Amino acid sequence: MTHISASDGVPVRTQGRARPRISVPAAGIAIGLFVVARLAGAVVLALAARGDGRLPLAVLGRSWDSHWYLSIASEGYGLTLRMASGVLANDLAFFPLYPALVRAVTELTPLSGGAAGLVVAWLAAAVAAWGVYAVGDLLRGRAVAVALVVLWGLLPHSIVLSMGYTEPLLTACAAWSLYAVLTGRWLWAGTLAALAGLTRPNGLAVAAAVVAAAAYEVWRARRRGDGVSHRLWIGAALAPLGWGSYVLWVGRRTGDTLGGYFEVQRLWGSSFDFGLHTMRFVKHLLVHGAQFRHLLIFAMALVIVAAAVLLFWRLLAGRAPLPLLVYSGVLLLIAVGGSGYLASKPRFILPAFPLLLPLAGVLARTAKARPWRASVLVAALAGLSFTYGVLVTMTADVAP
């Protein structure tokens, strides 16, 4: 059996060792804290929505991109709209796994599309929290793992984890795929990476992590003169199939097998331009200004992105395991280098939970030495998260 060493961040061969076990009570505590955090965030948003004369469940389950996913779940692909901004919006830009699960829930239960979307998203968020705990426990121990889940559930943009969005599903697939890589379960790693690739465009980051870890293990094995398991080859081959198959399917449907999907994204205004669009947008804000609420949202987005970059360098300096570095790095590269809407960039980074490992270590040590300080810190994070969640969600022309 092979797994990734938690101490030196490289694959090592551990023949005959028992597989690591996840502490169910500690995992239950972590998931419970996560559920409390996200439930509180949803309640705060619901109260704000009701105060604004809007239906809370509609805000949670039918906001922004949720409309597109629910349309695909009920009618299938084929919707194209020209937005007021001039953007030609095609539903082929949205990957199929989440709407397929929503469709399954509506078929098997009396729930409507919006309610089914919330059920899928909430269940996926709980599974994701468990996976985040499992990775943290494997690498740093139970206390850090619990802190990691709490921090992830209280990120400023974590309101998305309480809404009908795809980030919970992507993070669930990603966390358990990374755990499978770290513990040498290559078939599971590849399968879950393929599912991640069917969830969102940036699900490609999971496949990249699995393939990179597999390639490194092959290189190490050849240096030692050893062979590798056929499961590793199969897992590495499975990993990119989800993302690749959907991109090729869209290309074939649009008449351009290799470029069709990217043209669909370009028409949405989304492409990879190394962050040039974002820099131009920030320059525009500095020169022309904007409403205070918008400035606050955009400033927070820039702070979150900058903090994520710094945390990635901290993760790199700490010699984190290779798959975590590749996964977080690719997610960060897509978010920073993409031309997508600035206010949405923190959401694109939300699945990059390994970036929080250094902060989770600090929080765990603080909780052990001075519990009251940790409590104050968590309360402050919760206040920031809930306030920003309401701000970004209730601002009509800013997508969360």
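The values are calculated or read from the model by the stated rules, or taken from the named source; none is laboratory data. Note that the coordinates shown come from a computational prediction; the quantities given were computed from them, not determined experimentally. Cβ atoms come from the backbone with ideal geometry, glycine included; neighbour counts cover every protein chain shown. Only protein heavy atoms, including side chains, enter the accessible area calculation; ligands, DNA and RNA are left aside. Shrake-Rupley method; radii C 1.70, N 1.55, O 1.52, S 1.80 Å.
The peptide list 176-184, 73-81, put in order of mean Cβ contacts within 10 Å with the highest first, becomes 176-184, 73-81.
Couplings for segment 73-80, taken from phi via the Karplus curve 6.51 cos²θ - 1.76 cosθ + 1.60 with θ = phi - 60°, read 4, 8, 10, x, 7, x, 8, 10 Hz in order; Gly and Pro are left as x.
Expressed as a whole percent, the accessible area of segment 183-322 that falls on carbon and sulfur atoms is 67 (1.4 Å probe). In terms of packing, defined here as the mean over residues of other Cβ atoms within 10 angstrom, the peptides 51-58, 330-337, 127-134 line up highest first as 127-134, 330-337, 51-58.
Counting pairs of alpha carbon atoms under 8 Å apart in space and at least six apart in sequence, what relative contact order in percent does the chain give?
20
Scalar couplings 3J(HN,Hα) for segment 266-274, obtained by applying the Karplus form with A = 6.51, B = -1.76, C = 1.60 to θ = phi - 60°, are 4, 5, 6, x, 10, 7, 9, 10, 6 Hz; x denotes Gly and Pro.
In this structure the chain gives 45 Å² per residue of accessible area when probed at 1.4 Å with all protein chains present. Here the extension length gained between Ala379 and Arg280 equals 32.1 nm, from 0.36 nm per residue of separation less the Cα-Cα distance.
Once the Cβ-Cβ distance of Leu111 and Trp219 is raised to the sixth power relative to R0 = 51 Å, the FRET efficiency obtained is 0.55.
Using a/c under 1.5 as the rounded threshold, could you call segment 266-397 rounded, prolate or oblate? The axes a ≥ b ≥ c are square roots of the C-alpha gyration tensor eigenvalues, and prolate needs a/b larger than b/c, oblate otherwise. Kindly include the intermediate steps, with their values, before the conclusion.
Values: a/c = 2.51, a/b = 1.33, b/c = 1.89.
Oblate, since a/c reaches 1.5 and b/c is not below a/b.
Which of the listed residues, Ser245, Phe292, Leu258, is farthest toward the dipole's positive end in segment 225-305, when Lys, Arg count +1 and Asp, Glu count -1 at the beta-carbon? Positive-most Cα among the choices belongs to Phe292. For segment 181-327, the square roots a ≥ b ≥ c of the C-alpha gyration tensor eigenvalues yield an a/c of 1.5 or more together with a/b not exceeding b/c, which makes the shape oblate. A simple packing score, the average count of other Cβ atoms within 10 Å per residue, orders the peptides 238-248, 165-175, 267-277, 349-359 as 165-175, 349-359, 238-248, 267-277, with the highest score first.
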